[in-house]
Amino acid sequence: MEDLQADLSASGLTVSTTPEKGRCLLSIKDFSPGEVIISQEPYVSVPNNSAVHSRCEGCFRSSNLKKCSACHVVWYCGSTCQKSDWKLHRLECNALSRLEKERQKSLTPSIRLMVKLYMRRKLQSEKIMPTTARDNYNLVEALVSHITDIDEKQLVLYAQMANLVNLILQWPDINVKEIAENFSKLACNAHTICDGELRPLGTGLYPVISIINHSCLPNSVLVFEERLAVVRAVQHIPKGTEVLISYIETAGSTITRQKALKEQYLFTCTCPRCIRMGQYDDIEESAILEGYRCKDDGCDGFLLRDSDDEGFICQQCGLVRNKEEIKRLASELKPLSDKATMSSSSHYLEATSIYKTIEKLQTKLFHPFSINLMRTREAILKILMEMKDWRAALTYCKLTIPVYQRVYPGFHPLLGLQYYTCGKLEWLLGETEDAVKSLTKAADILQITHGTNTTFMKELLFKLEEARAEASHKRSSKDE
Ligand SMILES: [Zn+2]
Ligand SMILES: [Zn+2]
Ligand SMILES: [Zn+2]
Ligand SMILES: [Zn+2]
């Protein structure tokens, strides 16, 4: 721990503890928006591989892969990734090769992550792998497990998973109970590794990054560059401030966010947004994001249940929406939503038609800033992009932007990415001036959240340059 403190203080950081939150990461210098606060390679990581989709164990790339010829479980993109993983994989490869084919197929990413965790600990304790202040098992040991808060069913599941890990490792003096507790640790500490567009690629354990606590109104953001976890400031962080990131999807009412945090991370959030729960502006925000729309199409007031429970009353114009009418619309929606989730992703036309019916009903039912409606439109946008219907996709992308601006304020990567999609579509459709505007907005946000060095960001900045050049060319040829 002393080593870690010395190492962190060189980066302008320190670990402190509070009775309410346990450990927390504090700044001991000012950080400005876009500045990297801390970065860390994973202690262990695994790609989200499935029977149909595989990624390289080292860099998570999915092209030109070759299977390890010994265990037939792990994939590599080439000899560089294979070599750098060999010390650890040699142990793992032996263990995996012993397994029957059927068992091999049942290896989930969590099981593999746990197996790798034990192997790395062993290799480091035997000094076959080096340790550093930020890279050692003591840091994993210090992570919270919340094991006493876990329900019986989950405990049984962890015990079963621990038995499987034990069966794979076959080490004589292993503590199966400790493996089960470590599964609980992974559940609340492991991070989903995403690409630049925030699509999930795999899972990793970053014991120093895990010290950073959650806020629904964070001052920092966590993104990944391949497997490297990078935390950047999204606002000015003065010296002596706690560094905070968001663990969850922050679009949602306070109740929804609190529920998500309790279920997955087993704590009650007391961030500046959450402590307002039950106050008028918090009730208003919940009713806008997750409540019903006014009976009058021209009114954007929010609705609250009226006192005699007959219906919902608009807080702006006073019109009442009948409870029965809302119930009827909701019951029409339910089977459609089920059908949409069931619909095969290859039947684009069928899926679009179901989602558009849902959209129509949700527009009648929910407030225009409804998150449910936003999700439906995101689904339609995704299908339209697959169908290469750029014109319709742009319409849907634009429909989501006002809601994104509301639910992802400030420098939020998701808002930046949505502007990026908008800009790419406008560019494809020849709407160059609009493309420049959207790509500029995207770059303004994503340079803060993602930095400027990754391939992803270089592509965006290059596209923006291209669009600017074309726009000025178009303008000058118009002038002639
Ligand atoms: Zn690779
Ligand atoms: Zn192998
Ligand atoms: Zn909160
Ligand atoms: Zn109204």
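The values are calculated or read from the model by the stated rules, or taken from the named source; none is laboratory data. Fair warning: this is a prediction, and the values are worked out from it, not measured in the lab. Glycine also receives a Cβ, built like all others from the backbone with ideal geometry; neighbour counts cover every protein chain displayed.
A few remarks follow.
- Within the range 57-85, being of a type outside the set (Ser, Thr, Tyr), surrounded by 14 or more Cβ atoms within 10 Å (Cβ to Cβ) and without any contact (Cβ under 8 Å) to a residue 24 or more places away in the chain holds for Arg61, Leu65, Val74, Cys77, Gly78.
- Any chance Val115 is assigned to a helix (DSSP H, G or I) and surrounded by 15 or more Cβ atoms within 10 Å (Cβ to Cβ): yes
- Test: residue in the range 46-56 that is touching a residue at least 60 places away in the same chain (Cβ under 8 Å), part of a strand (DSSP E or B), in the same structural domain as Pro109 (by TED's automatic domain parsing) and away from ligand 4 (no atom under 16 Å from the Cβ): yes
- Hey, Arg90 more than 15 Å from ligand 2 (Cβ to nearest atom), over 20 Å from Pro207 (Cβ atoms) and outside any strand (DSSP E or B) or not: no
- Residues being outside any helix (DSSP H, G or I) and surrounded by fewer than 16 Cβ atoms within 10 Å (Cβ to Cβ) - total across the range 177-193: 1
- Candidates Leu304, Leu289: the one that is among the hydrophobic types (A, V, I, L, M, F, W, C) and either more than 30 Å from Glu20 (Cβ to Cβ) or modelled with pLDDT under 90 (or both) is Leu304.
- In the range 284-338, residue surrounded by the most Cβ atoms within 10 Å (Cβ to Cβ) [restricted to those that are within 12 Å of ligand 4 (Cβ to nearest atom) and of a type in the set (Val, Ile, Thr)]: Ile313
- Residue under evaluation Pro33, criteria (1) touching a residue at least 40 places away in the same chain (Cβ under 8 Å); (2) surrounded by fewer than 13 Cβ atoms within 10 Å (Cβ to Cβ), criterion not met: (2)
- Those residues of the range 120-159 which are in a helix (DSSP H, G or I), among the basic types (Lys, Arg) and touching a strand residue (DSSP E or B) at 6+ places or on another chain (Cβ under 8 Å), in sequence order: Arg120
- Of all residues in the range 26-42 being outside any strand (DSSP E or B) and touching a helix residue (DSSP H, G or I) at 6+ places or on another chain (Cβ under 6 Å), the one that is farthest from ligand 4 (Cβ to nearest atom): Gly34
- The residues in the range 273-316 that are in contact with a helix residue (DSSP H, G or I) (Cβ under 6 Å, 6 or more places away or on another chain) and either within 16 Å of ligand 2 (Cβ to nearest atom) or outside any strand (DSSP E or B) (or both) can be counted, and the count is 6.
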